[in-house]
Amino acid sequence: MTQAEIKLCSLLLQEHFGEIVEKIGTHLIKTGSQPLRVIANDTGMSLDQVKKALCVLIQHNLVTYQLQKRGFVEYEAPCSRVLRILRYPRYIYTAKTLYSDMGELIVEELLLNGKMTMSAVVRKVADRLTETMEDGKTMDYGEVSNTFVRLADTHFIQRCPMAPETTETSDAPPPPAPTLAVNEKDMYVVPNLNLIGKGKRSRSFDDEDNGEHKAKRQKQDADSKEPPPDDGIYWQANIDRFHQHFRDQAIVSAVANRMDQTSSEIVRTMLRMSEITTSSNAPYTQPLSSNEIFRSLPTGYNIVKQILDQYLTLLADDPLEFVGKSGDSGGGMYVINLHKALATLATATLESIVQERFGSRCARIFRLLLRKKHLEQKQVEDFAMIPAKEAKDMLYKMLSENFVSLQEIPKTPDHAPSRTFYLYTVNTLSSARMLLHRCYKSVANLIERRQYETKENKRLLEKSQRVEAILASMQATGAEEVQLQEIEEMITAPERQQLENLKRNVNKIDASENQVDETIFVLESYIESTVKKL
């Protein structure tokens, strides 16, 4: 774990949970697993504060706990899980793309709250959707439940591990910490709930003060004290499944860029057929026959079986080796080499960065080294057709930035320079790790810049929010146009220009964060896949 990762985790925790939680979370990331009293002692915080902070982190799946043999509980904060906070907007946007506004709000609620029961999610989402609908229209619980079931069926959400049920008659003292477990068969099984009702709008302040409404609300609160039918069955977003979807989208996009749209649609179909049956960290998808792929192609894709076979043969013979042939039964069995695909995507990312930083000639040398593996300086000059002085400068520049490494092969045991081969090579794994470290630094810098921009314009932002609140309340009471205009003029033209500049800068920073995170995802996936293979 690097300092850049720790700093980024600290910034993310502070931005989303505040200073106390950030202090506890960063301490656990730095020190590893620790018991409660040691955490309180090292951070100088009270036990109560530490307990509350740990509760928040456990609720959001950012801290895990383990019962040690001696009987005490140790808490640990995996750095990789905290870094996933950076990807929350992508998870929510993916849910919106696949399952419209309902899917977006379901995933958003689960990410914001960490864990929730299905009944609580459905009610909250229905209420939020009702708020945005026209007067007189409401969102039915049944529609939200159906979307929830679809998300569970495609494994985008999953059940949280539960504590085993204990009999009340047992005399044994309860363990210091419950052992959570989940049956894999039940992980995506949605409880059979008969949720009847519709979303409610939040009442206005006048209604809140009304005594009749207050009495009704108290009665509803008394009725709602009964536990819901799915009490104890909590759900969370399945981060690995979202990552699998991002990986599949990147592979499809790469195939489309290299070949054509039909090839990418065939690969998309193969990935869709195996998305549930193949684990997120598998090196290959499950073998699929040509006949199965033909039957599963989207309706409207009018290609005959013979052309499909030609496309599959073309994909299998491609030097990138995204698709491989694993047998001849069923018209030919085909798999997608996920590890090879991730390695190709990571290599393409490295090539792109070398070209942007050092120019097209350096990129030519870099690609040459990737293809030939090991080359001497003279060979690089000859193959790349670049003058000796320039080639030497470029190689040393990339060597100093750790994009290229130098390997010594001595002819004699004394390692004399005159009797030693000096070969340039590219170690893709170490280059990817170095680049990932820089990406973490970049994101941390972007977050700090956004915080600085917001802090510098804090007074103006507060004034703008006050004016907007006054305008909204006046519009609700039916104020005249002249009055509204007077309120709007409270913000002067220079201030309005300053607000627009701030908004534009913050949007640019947010977009940059998302773009860097896409690079982080490709590099992380490649490193994880390569390390598992080794």
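The values are calculated or read from the model by the stated rules, or taken from the named source; none is laboratory data. Keep in mind that this is a model prediction, so the values were computed, not measured. Because the Cβ atoms are built from the backbone with ideal geometry, glycine has one as well, and the counts that use them run over all protein chains shown. For the accessible areas, the whole protein counts, side chains as well, though only heavy atoms, and no ligand, DNA or RNA atoms are used. Shrake-Rupley method; radii C 1.70, N 1.55, O 1.52, S 1.80 Å.
Which residues among the range 4-39 fall inside the zone where the amide N is under 17 Å from a point 7 Å beyond the Cα of His437, along Cα→Cβ? It comes to 4-9, nothing else. Counting only residues at least eight positions apart within a chain, or on another chain, the lysines with an alpha carbon under 18 Å from that of Lys124 are Lys96, Lys115, Lys137, Lys198, Lys200, Lys225. Between the Cα long axis of helix 493-533 and the first principal axis of the chain there is an angle of about 60°, rounded to the nearest 10. With R₀ fixed at 51 Å, the C-beta to C-beta distance from Gln377 to Tyr301 puts the FRET efficiency at about 0.50.
Only helical runs count toward this figure. For the chain, summing -39,500 (n - 2.57) over DSSP H runs of n ≥ 4 and dividing by all residues gives -20500 deg cm²/dmol at 222 nm. Here's the list of lysines a cross-link from Lys508 could span, going by alpha-carbon distance under 18 Å and ignoring same-chain residues fewer than 8 apart: Lys441, Lys455. Per-residue extension of 0.36 nm, minus the Cα-Cα distance of Val149 and Cys55, leaves a gain of 31.0 nm for this segment.
Multiplying the residue separation of Ser279 and Ser352 by 0.36 nm and subtracting their alpha-carbon distance yields 23.3 nm. Reported to the nearest whole Å, the Cα centre-to-centre distance from the range 95-143 to the range 493-510 is 31. Simple spin-label estimate for Ala416 and Asp240 gives 5.7 nm between the two label positions (7 Å along the Cα-to-Cβ direction from each Cα).
Available extension along the chain between Leu499 and Lys200 is 104.2 nm, counting 0.36 nm per residue and deducting the alpha carbon span. Sparsely packed loop sites in the range 104-164 (the trypsin sites (Lys or Arg not before Pro) outside DSSP H, G, I, E and B with at most 12 other Cβ atoms within 10 Å) comprise Lys137.
Label-to-label distance for Val467 and Asn192 is 5.9 nm, based on points extended 7 Å past Cα in the beta-carbon direction.
Under the convention that each Lys and Arg Cβ holds +1 and each Asp and Glu Cβ holds -1, the size of the dipole of the chain around its Cα centre is about 1980 debye. In terms of distances greater than 27 angstrom between alpha carbons, the cross-link table entries Lys30/Lys69; Lys23/Lys185; Lys30/Lys185 yield Lys23/Lys185; Lys30/Lys185. For the chain, the longest principal axis of the alpha carbon atoms and the long axis of helix 261-274 meet at an angle near 60°.
Find how many whole Å separate the alpha carbon centroid of the range 13-86 from the alpha carbon centroid of the range 315-392. Here the two parts' Cα centres lie 43 Å apart. Between the helical axis of 3-17 and the longest alpha-carbon principal axis of the chain there is an angle of about 20 degrees. Within the same chain, lysines fewer than 8 places from Lys340 are excluded, and of the rest, those with a Cα less than 16 Å from its Cα are Lys325, Lys532, Lys533. Rolling a 1.4 angstrom probe over the protein heavy atoms with all chains in place gives the chain an accessible area of 57 Å² per residue.
Farthest towards the positive end of the charge dipole of the chain, among the residues Ser400, Ile509, Leu8, is the Cα of Ser400, using unit charges on the Cβ of Lys, Arg, Asp and Glu.
Could you let me know the centre-to-centre spacing of the range 513-533 and the range 279-304, using Cα atoms, in angstrom? If you average the Cα positions of each part, the centres end up 25 Å apart.
Within the range 426-534, the GluC sites (Glu not before Pro) that combine a DSSP coil assignment with at most 14 other C-beta atoms in a 10 angstrom radius are Glu480, Glu489. Solvent-accessible area assigned to carbon and sulfur over the chain amounts to 50 percent, based on a 1.4 Å probe.
FRET efficiency for the His16 to Glu528 pair, using the beta carbon distance and R₀ = 25 Å, is estimated at 0.55. Summarising the label geometry, the points placed 7 Å from Cα in the beta-carbon direction at Gln249 and Glu513 lie 1.8 nm from one another.
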